[in-house]
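Q: There's a structure below that I have some questions on.
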Amino acid sequence: MKFSNFFIPTLKESPSDVKMRSHDLMIRSGMIRQETSGIYSWMPLGYRVLKKIIDKVEELHDENGINQMLMPTIQSSDIWRISNRYDTYGKEMLRIIDRNDKDLLYGPTNEEMITAIGKQYIKSYKNLPRKFYHIQTKFRDEIRPRFGVMRAREFIMKDAYSFDIDSENGEKTYCEFFKLYLKLFNQLGIPVIPVRAPSGEIGGNLSHEFHLIVSSGESEIFLDTKLLDQNFENFELNQILNLDSYTDDYYKEIENKNYFEKFRSIELGHIFLFGTKYSSSFNFNVDSENGKVVPYMGSYGIGISRIPAAAIELSNDKNGIIWPKALSPFSVHLINLNIDDSECSEFCEKLYTEINERNIDIIYDDRNERPGKKFSDADLIGIPLQIICGNSFKKNREISILKRANKDTINIEVENALDKIIKMIGCNE
Ligand code: ATP
Ligand code: MG
């Protein structure tokens with residue numbers, strides 16, 4: 001993509017009510033635009049980040065045999081009356097009346113709908129286990145929408161749902177999702193800690209949240225600090241159940257608090273094994289060898305549109321964002337400081353084409369702007385690797401490769417630039 005063609009509406013300043021670093025940087029780098037309180041457009045640069053997350057989420061869910069589907073945003077109140085949540089969910093639910101006076105709502109979550117779907121199609125134990133997911137917009141009329149997409153009213157969630165024949169198999173599925181989440185966040189370059197959570201109004205008895213520890217986070221978690229260096233991916237169910245990490249709600253119930261420390265954090269994922277709560281209220285049962293049984297269910301959420309903000313909270317400096325490789329909207333940022341020099345521009349065009357041909361995401365700053373502006377924009381949008389064609393292109397036939405994170409710079413000869421760059425992209429952690 002050429003910068004001259006790509007729409008990045010950067011701003012010098014955010015509105016004065018912007019309090020969080022990630023919110024400020026997302027607005028100033030032109031990633032998002034507020035439409036009204038808690039409701040945002042994802043502009044081209046921001047949407048590229050979101051798509052990177054979605055692609056990775058899809059890849060790992062598909063790999064694990066979880067069926068992707070798409071349920072609607074608008075739901076009928078009927079199914080919410082069956083579970084008795086239409087009255088209890090409260091003001092966070094956006095209620096809508098259609099022209100025939102029918103009560104509809106904008107879905108804050110989908111347990112009811114997936115249970116209705118399961119009940120219609122899953123008739124026999126032979127159809128179990130079954131796992132579904134979708135990536136869809138949710139609406140929750142939060143009391144205090146704030147910090148941009150971190151706590152929005154309209155936001156994008158990945159929510160998955162599982163059906164099993166009994167609690168033992170349900171626990172196995174839960175354990176698979178637990179491991180899948182750790183693998184996923186690991187591959188996104190976001191170090192999360194699993195914490196035990198109370199299961200709240202969704203009901204049931206097994207629940208964990210996945211938190212990123214950052215001092216600016218809205219949540220509080222309590223843990224045995226031994227867990228900070230732990231690799232949880234190979235945990236078995238009994239180890240998961242004995243984790244010494246808790247959400248603040250759960251922590252109140254703990255007796256021996258001596259060795260726990262408090263951390264501020266951001267909740268990025270939440271999994272529940274709620275059992276038969278919805279399947280039994282929907283009279284959903286399947287034939288088994290021992291007669292009718294009620295399927296055992298779980299739900300598994302990830303705050304897709306919260307992840308870019310969380311990643312920025314984790315990694316930024318005074319000049320802007322520093323993307324982890326997996327989330328970065330582009331892998332390389334090529335900056336031409338000699339736009340008027342035909343030799344340098346030809347070289348940049350050629351390098352740009354060659355990198356593109358290797359399916360590496362590159363943004364090429366071909367604008368007729370002063371070097372200072374190009375550098376500050378590059379640091380603001382935070383692509384991990386910057387390639388600079390400046391003074392030494394003419395003088396020494398050299399270009400510079402610079403790491404956004406620590407400004408480590410190397411100069412390389414123009415002749416073998418392409419190979420070097422490709423190597424660096426491969427190992428640029
Ligand atoms: P929170 O405690 O932050 O309000 P929640 O527990 O109500 O979140 P869940 O129902 O567990 O949220 O939803 C799954 C995931 O969706 C959360 O882990 C979080 O990452 C994300 N999420 C929830 N509410 C919002 C919101 N208002 N804006 C952006 N993401 C959200
Ligand atoms: Mg939650």
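Here, each number is a calculation from the coordinates, and none is a lab measurement. The structure presented is a predicted model; accordingly, all values stated were derived computationally and were not measured. As a convention, Cβ positions derive from the backbone with ideal geometry for all residues, glycine included, and neighbour counts pool all protein chains shown.
Q: What Rg and what Dmax come out for the stretch 4-78 when only alpha-carbon atoms are used, in angstroms?
A: Rg, Dmax (Cα atoms, Å): 16.6, 51.
Q: Taking only the C-alpha atoms, wrap a convex hull around the stretch 21-317 and report its volume per residue in Å³ as a whole number.
A: So the per-residue hull volume is 143 Å³.
Q: While we're looking at this one, here's another question. Which of Met71, Met26, Met297 comes first, and how do the rest follow, when ranked by fewest Cβ neighbours within 10 Å?
A: Fewest-to-most ranking of Met71, Met26, Met297: Met71, Met297, Met26.
Q: Looking at the stretch 188-261, what % of the alpha carbon pairs are farther apart than 16 Å?
A: It works out to 50 percent of all Cα pairs.
Q: How do the peptides 122-129, 167-174, 14-21 rank, highest first, by the average count of neighbouring beta carbon atoms within 10 Å per residue?
A: The densest-packed peptide leads the list: 167-174, 122-129, 14-21.
Q: If R₀ is 51 angstrom, what is the calculated FRET efficiency for the pair Gln120 and Arg21, using the beta carbon separation as r and rounding to 0.05? Intermediate values should be presented prior to the final figure.
A: Working: r = 47 Å, r/R0 = 0.92.
Rounded to the nearest 0.05, the efficiency is 0.60.
Q: I would also like to ask the following. Mean 1/r over all different Cα pairs, inverted: what Kirkwood radius does the stretch 252-307 give, in Å?
A: Averaging 1/r across every pair of different Cα atoms and inverting gives 15.1 Å.
Q: Alpha carbon centre of the stretch 135-176 versus the stretch 354-429: separation in Å?
A: If you average the Cα positions of each part, the centres end up 39 Å apart.
Q: Counting only helical runs of four or more DSSP H residues, what would the 222 nm mean residue ellipticity of the chain come to if each run contributes -39,500 (n - 2.57) and the total is spread over all its residues?
A: -9000 deg cm²/dmol, from helical runs alone.
Q: Taking the Cα centroid of the stretch 179-249 and of the stretch 25-58, what is the distance between the two, rounded to the nearest whole Å?
A: Cα centroid of the stretch 179-249 versus Cα centroid of the stretch 25-58: 26 Å apart.
Q: Evaluate the Kirkwood expression for the hydrodynamic radius of the stretch 137-263, namely the inverse of the mean inverse distance over all pairs of different C-alpha atoms, and round to one decimal in Å.
A: On the way: mean 1/r = 0.0616 Å⁻¹.
With all distinct Cα pairs of the stretch 137-263 included, I get 16.2 Å.
Q: Grab the Cα-Cα distance for Leu94 and Leu228, subtract it from 0.36 nm times how many residues apart they are, and report the gain in nm with one decimal. Before the final figure, lay out each step's value.
A: Numbers: separation 134, 0.36 × 134 = 48.24 nm, distance 3.88 nm.
44.4 nm is the gain from fully extending Leu94 to Leu228.
Q: Going by a ≥ b ≥ c, the root eigenvalues of the Cα gyration tensor, does the stretch 138-205 fall in the rounded group (a/c under 1.5), the prolate group (a/b larger than b/c) or the oblate group?
A: Here the stretch 138-205 falls in the oblate category.
Q: Here's a follow-up. Using θ = phi - 60° and the Karplus form 6.51 cos²θ - 1.76 cosθ + 1.60, what ³J(HN,Hα) does each residue of the stretch 138-148 get, whole Hz, x for Gly and Pro?
A: Residue by residue, the stretch 138-148 yields 10, 10, 9, 7, 4, 4, 10, x, 6, 6, x Hz.
Q: Here's another thing I want to ask about it. Rounded to the nearest 5, what % of the DSSP beta bridges within the stretch 330-427 are antiparallel ones?
A: Expressed as a percentage, antiparallel bridges in the stretch 330-427 total about 50.
Q: While we're here: In units of 2.2 N^0.38 Å, what is the alpha-carbon radius of gyration of the stretch 330-427?
A: Values: Rg = 12.1 Å, N = 98, 2.2 N^0.38 = 12.6 Å.
Relative to the 2.2 N^0.38 Å estimate, the stretch 330-427 comes out at 0.97.
Q: Determine the principal axes of the Cα atoms in the stretch 241-346, then give the extent along each, sorted from largest to smallest and rounded to whole angstroms.
A: The Cα atoms of the stretch 241-346 stretch 80, 46, 20 Å along the principal axes, largest first.
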